[in-house]
1. Determine, yes or no, whether B:T42 is more than 8 Å from chain A (Cβ to nearest Cβ), hydroxyl-bearing (S, T, Y) and either on the phi < 0 side of the Ramachandran plot or without any contact (Cβ under 8 Å) to a residue 40 or more places away in the chain (or both).
2. Step by step: first the residues of region B:94-105, then only those that are out of contact with any helix residue (DSSP H, G or I) (no Cβ under 6 Å at 6 or more places or on another chain) and over 21 Å from A:M90 (Cα atoms), then the one that is surrounded by the fewest Cβ atoms within 10 Å (Cβ to Cβ). Which residue is that?
3. If I filter region B:63-82 down to residues being in contact with a Lys or Arg (Cβ under 8 Å, 6 or more places away or on another chain) and assigned to a helix (DSSP H, G or I), which single residue comes out as nearest to C:P40 (Cα to Cα)?
4. Restricted to region C:53-62, and to residues that are crowded, with 24+ Cβ neighbours inside 10 Å and closer than 30 Å to B:A51 by Cβ, which residue is nearest to the other protein chains (Cβ to nearest Cβ)?
5. For B:G91, all conditions in the list (1) closer than 26 Å to A:T18 by Cβ; (2) small (G, A, S); (3) surrounded by fewer than 22 Cβ atoms within 10 Å (Cβ to Cβ) hold save one; what is the number of the exception?
6. Of all residues in region C:3-28, which are among the charged types (D, E, K, R) and outside any strand (DSSP E or B)?
7. How do the pairs read when you match residues in region B:12-29 that are among the hydrophobic types (A, V, I, L, M, F, W, C) with residues anywhere that are buried (at least 18 other Cβ atoms within 10 Å of the Cβ) and part of a helix (DSSP H, G or I), using Cβ under 8 Å and keeping only pairs 6 or more apart or on different chains?
Amino acid sequence: MERLQIRTTRRREFIDVTQCIRRLVEENGWRDGVVVVFSPHTTCGLTLNEAADPDVAQDIMASLERLVPEQGAYRHREGNSDAHVRVSLMGASQMLPVEGGSLRLGTWQGLFLCEGDGPRARELWVQWLAS
Amino acid sequence: MERLQIRTTRRREFIDVTQCIRRLVEENGWRDGVVVVFSPHTTCGLTLNEAADPDVAQDIMASLERLVPEQGAYRHREGNSDAHVRVSLMGASQMLPVEGGSLRLGTWQGLFLCEGDGPRARELWVQWLAS
Amino acid sequence: MERLQIRTTRRREFIDVTQCIRRLVEENGWRDGVVVVFSPHTTCGLTLNEAADPDVAQDIMASLERLVPEQGAYRHREGNSDAHVRVSLMGASQMLPVEGGSLRLGTWQGLFLCEGDGPRARELWVQWLAS
């Protein structure tokens, strides 16, 4: 299993990690199958969405903030319950298809690490499944 | 990797694509493993839910519309930010188990393509992972 | 494919099933790959989140209840539309990495069955994918 290190810089941010995954596919010579990217964190998830216009990631973050506000009647005492809820909404892992040795995503798609309680040092775990 | 072509007919709709996947499993002779269905789009996702009563899909769509309205203080200029947010909430891919050469879903389950910014010509990518 | 039987005891609850998966990995001698856990139900999903402090699961449940209330202008007549919507938000399946024969999760992570319309007898289906 491969591991990626990513340092986040704000409490909440979306970081495009597509190039890191693309590089792993090429370096390892993975041909046909699925890359599973997994976040071992409980306040930091993963989502696939538009990477071309950064406003899209901003809109997703703003919507999540509206739906699950930082302040609320939460029981968990660490003050980051909003981030926990958001990970469950986005997902802790994503699957990315690989074909003919290349990562295959839609034209506008990118993989985002969704930081919800940074800044922190984060890891992503990457497992290869051949077709 | 297999590709399915699906034409959507409205801005927002859920289309049951379970039979398309079932057919692929049979045609390819896939025996035991997992079918990964992947949407390469950023305004069109995938979810597993009840396919027997069409009111369930209607209720999910109505709830998403309430949570992420079409009109809002969005930054992305294309007027479809709501659809982008909803893809991240539903997911861009789903996994479906296959056992003994048959797609195994729960009694009421079906796989839905979740169109959020149609009508459009959509593609689903299907990758097979043997167990 | 392995099957786990889980009896839920309330309408809504999160049940930590991590140990059941860990046991399956050990009993089957799975070494390196991904465990796919799949809920065949349409009112009961799966999510990965913090398992150390039970308040986190409570906060996620309370947030989901706020976002998708039990009572609402739903069309589906069985009175459990809220549970259907929540499954689509959480997800019907999760992937868990395995390395060197051990289930690898983050320090605080656990896998939760998210009951939305219990109490019921539930099943989880577990498929192994070697790396």
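The values are calculated or read from the model by the stated rules, or taken from the named source; none is laboratory data. Keep in mind that this is a model prediction, so the values were computed, not measured. Note that we place each Cβ from the backbone using ideal geometry, even for glycine, and neighbour counts take in every protein chain shown.
1. No, not satisfied.
2. Applying the filter and picking the extreme gives B:G100.
3. B:L64
4. This residue is C:I60.
5. Condition (3) is where B:G91 drops out.
6. C:R10, C:R11, C:R12, C:R22, C:R23, C:E26, C:E27
7. B:F14/B:A57; B:F14/B:I60; B:F14/B:M61
Here's the yes/no breakdown for (1) surrounded by fewer than 18 Cβ atoms within 10 Å (Cβ to Cβ); (2) at pLDDT 95 or above; (3) not basic (K, R):
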{"residue": "C:R11", "(1), (2), (3)": "yes, yes, no"}
{"residue": "C:V37", "(1), (2), (3)": "no, yes, yes"}
{"residue": "C:A51", "(1), (2), (3)": "no, yes, yes"}
{"residue": "C:L64", "(1), (2), (3)": "no, yes, yes"}
{"residue": "C:R75", "(1), (2), (3)": "yes, yes, no"}
{"residue": "C:R86", "(1), (2), (3)": "no, yes, no"}
